[in-house]
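Any read-out appearing in this document is the output of simple, stated calculations on the displayed coordinates, not a laboratory observation. Keep in mind that what you see is a predicted model, and the values were worked out from it rather than measured. Counting neighbours? That spans all protein chains shown, and the Cβs are built from the backbone with ideal geometry, glycine included.
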Amino acid sequence: MNLRAIGCNFRTAAVEMREKLAFDPAKQERAVVDLSSRFGCEVVLLSTCNRVELYVARQSGEQPFDTGLAAEFLGEIHSVPASAVVPLLYEHVDDAAVRHLSRVAASLDSLIVGEGQIAGQMKKAFEFAKKLGATGPMLNALLAHSLRVAKRVRTETTISAGHVSVSSVAVDYVRQVFDTFRDKTILVIGAGKMARLTLKHLEALQPGKILVTNRSPEKAAEVAALCGGQPIPWGQLDDALAKADIALSTTGAGEPIMPKERFDEKVLPHRGTRTLVVLDIAVPRDFDPDIHDGDRVCVFNIDDLARVREQTLGERRKALAPAEAIVTEEVKKFADDWNRRKSGPAIQQLRVEVDRVRAEVLGPLLGKLNGKLTPTDRESIERAFRLFQNKLLHAPIAALQEASKEGESRKLVEAMRTLFGLKG
Amino acid sequence: MPVPLQNVTLACFGLSYLLAFALELGRLRWPRPSLRFAGLILGAAGLFAHTLFLSIRQPTPATAYGALLALAWVLAIFYLYGSLHHARQAWAIFVLPVILGLLAIAFVAVSTEESPELDLNSGAHIWGAIHGLFLLLAAVGVSVGAVASTMYLIQARRLRKKLLPLGQIKLLSLDRLEAMNRRAVNLAFPLLTVGLLLGGVLLRHYHGFADNWMSVKFLGTVGLWVVFLALTYLRYAATLPGRRLALLTILTSALMLLVLIAGHPFVRGDSP
């Protein structure tokens, strides 16, 4: 294996530098083609907002691609002095590079651990390089391996449990109460920036109806036009709440717009048994928190959403140790498979060659003894030759397989080719 | 019929369901697809053995033993369907304990398997069979309602405490669970009504109503019907909150269980 993973990420490089080193598709194409032709190697370039990484594989024995070369190359492409790039780069070699790639794909090395985008970005980067003819057996095998690790980590641990953006957590809460939305009504109260973001997530649920109310009718009409909703006068807030299934509130009011007494008197009696979910992301809060009973009315405010975000991150951190164990297990498996794959053809060639020699010796012998042997004698002789061949080959093949496990089979393969006269 | 099939016992499928349940519990700690797959295989094996057992032994549903085994069988189908259909939800965690509980009670009742209390319930009598079928389906409805209600209470508790199910048992939404409970009870009520009316008519024509109407089974079933009526009223007329309706449904299922095992000698204290 002659593999390097070299790059920088949010830990080693500030955002200004990451911006300078980032690749757009055109630059990425130029870089991959240039690097692969200039160094005659397999190359994949991963560029996201949190990392820029080069995965480079060369033939065993060739001079490895190192941090210095990578810094020069990145500096040249982005017109940044190499000396400014070198301190930002990290370098992982062979098994450590496989491990690094697995951790990146499984989102163990991400800014938000467990986020789901990175595996897709990595797949895209590999496919991009493959289309340009810049990948080969090593990096193709490595992509399949990394995606497999990412899948195992995702399904066997809670690393990707829950969501961490406030808007997504709000939708998660809503989904605990409802799972079909075509017959549901969303009421938007106010027109804060946060409301628009959360509303975007709620719109994706395809609700039956969206009502928008605001103290300013113009603002209500504006938000309603954006989301295909229906503006209603501020004075009809109680009626609208009685009809709604989900209320999203973000007014800038200085005190609660819906005290418990008002809710109990003007809204609750008109709702039947239907549950109302209130996402109160206004500061100060719009709804009296005592309205919440977790059955007929569920009120979630900004603190609840932030708490769940922290809880989710905590749960993900708990999954780190089992996830790392999966990575370790899979990296070993990959290294074993790769080494076996390397010595496999040589072993096969040896077997074929010795089979050929056996047939060459045994054929004339059996011809000479033709007519003097019973079928049983003939079979015994053939079996004896085969047994002799197997016993003779057992030790070299076992040694080769053992060396493959250690990743040191190259010299043995060469020695075997010389000793047995095999073509390279 | 080959001998091994005849040797299927309650313990065979009971153990299969128990192991499937243990694997489902294991999945809460280690969420691996292999555990889910193994659990489903064991559950399916249990259902297969259960089906064989019922078709070979043919225990009459007129006895507590037969009724409990038949109810457990329908619920086992419901469990497998739910586990396949709602792969992400911890369906089995809630349904399997009900099945195991029914089998455990049936196991206690096994010694009196051959002594049906009332002939009118006998499968040999067409109306008795229809009466039994209606009551069995009503019992399935109540059991499903009780399972949905238990999930509802847990989900409502989580929401009251503003928790999200991170790394815990995943449940259907509150809305869906309420709908499931409502549909199950709405289906069970007419079935129970028809079953009860048929039972009353059969009792009057074949066995003397005056002698038998005081039986625990008959009175219990009438009581169950009244509770159902109250449940329907509270849901639609009094708009009782979902949490209380869920609790009432669970209580109704407990009463139904008593009715199912009522009339059995060990409940009445005759023997075993």
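Under a crude label model (7 Å from the Cα following the beta-carbon direction), how far is B:Leu84 from A:Glu72 in nanometres?
In this crude label model, B:Leu84 to A:Glu72 measures out at 6.3 nm.
So what is the calculated 222 nm ellipticity per residue for chain A, using -39500 (n - 2.57) for each DSSP H run with n of 4 or more, over all residues, to the nearest 500 deg cm²/dmol?
Using -39500 (n - 2.57) per qualifying helix, the result is -18000 deg cm²/dmol.
How big is the protein assembly as shown by the Kirkwood estimate over distinct Cα pairs, in Å?
Final number for the Kirkwood radius of the protein assembly as shown is 31.7 Å.
Given the C-alpha centroids of segment B:75-96 and segment A:125-171, what is the distance between them in whole angstrom?
After rounding, the separation between the Cα centres reads 30 Å.
May I ask you to sort A:Thr418, A:Thr312 by Cβ crowding, counting other Cβ atoms within 10 Å and putting the fewest first?
Arranged by neighbour count, lowest to highest, A:Thr418, A:Thr312 become A:Thr418, A:Thr312.
Could you work out how much longer the chain between A:Leu365 and A:Lys200 gets when fully extended? Use 0.36 nm per residue separation minus the Cα distance between them, nm to one decimal.
So the chain would gain 51.0 nm between A:Leu365 and A:Lys200.
In a shell of Cβ-Cβ distance under 11 Å around B:Ala38, excluding B:Ala38 itself, what net charge do Lys and Arg (+1) and Asp and Glu (-1) give?
The answer is +2.
Considering every residue in B:172-180, what mean count of other chain Cβ atoms within 10 Å of its Cβ is obtained?
5
Using θ = phi - 60° and the Karplus relation 6.51 cos²θ - 1.76 cosθ + 1.60, list the HN-Hα couplings for segment B:183-190 in order, rounded to whole Hz, with x at every Gly or Pro.
Along segment B:183-190, the couplings run 5, 4, 6, 4, 6, 6, 4, x Hz.
What are the residues whose amide H is under 5 Å from the amide H of A:Val212, where those residues sit 5 or more places off or on another chain and H is modelled from the backbone?
A:Val188, A:Gln230, A:Ile232
Taking neighbour Cβ counts within 10 Å as the exposure measure, how do A:Leu276, A:Leu74 sort from fewest upward?
Ordered by Cβ neighbours within 10 Å, fewest first: A:Leu276, A:Leu74.
Please report, ordered by residue number, every helix of chain A (full DSSP H runs) that is 30 Å or longer along its axis going by C-alpha atoms and whose mean Kyte-Doolittle hydropathy reaches -1.0. Show your work: numbers first, answer last.
Numbers: long enough: A:320-368 (71 Å, -0.37); A:375-406 (46 Å, -0.60).
Span-like helices here: A:320-368, A:375-406.
Provide the per-residue ³J(HN,Hα) series for segment B:127-136, in order, calculated from phi with Karplus coefficients 6.51, -1.76, 1.60 and θ = phi - 60°, each as a whole number of Hz, with x at glycine and proline positions.
Going residue by residue, I get 6, x, 5, 5, 4, x, 5, 4, 5, 5 Hz, with x marking Gly and Pro.
List the residues of segment A:332-370 whose backbone N lies under 16 Å from a point placed 7 Å from the Cα of A:Arg148 along the Cα-to-Cβ direction.
Residues passing the 16 Å test: A:332-342.
When you look at the Cβ of every residue in A:298-309, what mean number of other chain Cβ atoms sits within 10 Å?
Whole-number average of other-chain Cβ neighbours for A:298-309 is 2.
Mind giving me the FRET efficiency for A:Val93 and A:Asp24? R0 is 35 Å, r the Cβ-Cβ distance, nearest 0.05 is fine.
Efficiency at R0 = 35 Å is approximately 0.75.
Taking the alpha-carbon centroid of each part, what is the distance from segment B:132-155 to segment A:348-367 in angstrom?
What the calculation gives is 74 Å, centre to centre.
Testing the spin-label approximation: label points 7 Å from Cα along Cα→Cβ at A:Arg11 and A:Val352. State their distance in nm.
4.6
What is the local net charge at A:Arg152, summed over the other residues whose Cβ is closer than 14 Å to its Cβ (Lys, Arg +1; Asp, Glu -1)? Let's see the in-between values first.
Numbers: positive: A:Arg103, A:Arg148, A:Lys151, A:Arg154, A:Lys332, A:Lys333, B:Arg32; negative: A:Glu156, A:Glu324, A:Glu329, A:Glu330.
With Lys, Arg at +1 and Asp, Glu at -1, the neighbours total +3.
Between B:Phe107 and A:Ala84, what's the calculated FRET efficiency when r is the beta-carbon distance and R0 is 51 Å? Round to 0.05. Numbers along the way, then the final one.
Details: r = 77 Å, r/R0 = 1.52.
Plugging the Cβ-Cβ distance into 1/(1 + (r/R0)^6) gives 0.10.
Where does the charge balance sit around A:Cys41 when Lys and Arg score +1, Asp and Glu -1, over other residues with C-beta under 13 Å from its C-beta? Show your work: numbers first, answer last.
Working: positive: A:Arg4, A:Arg38, A:Arg58; negative: A:Asp34, A:Glu42, A:Glu62, A:Asp66.
Summing Lys and Arg as +1 and Asp and Glu as -1 gives -1.
Hey, what does the equivalent ellipsoid look like for segment A:160-305, semi-axes from the Cα gyration tensor as sqrt of 5 times each eigenvalue, largest first, whole Å?
With the √(5λ) rule applied to segment A:160-305, the semi-axes are 19, 18, 16 Å.
How do B:Val222, A:Val113 rank when sorted from fewest to most other Cβ atoms within 10 Å of their own Cβ?
Final ranking by Cβ density, sparse to dense: B:Val222, A:Val113.
In nanometres, what is the gap between the two model label sites at A:Lys209 and A:Glu379, each 7 Å from Cα along Cα-to-Cβ?
Modelled inter-label distance: 8.7 nm.
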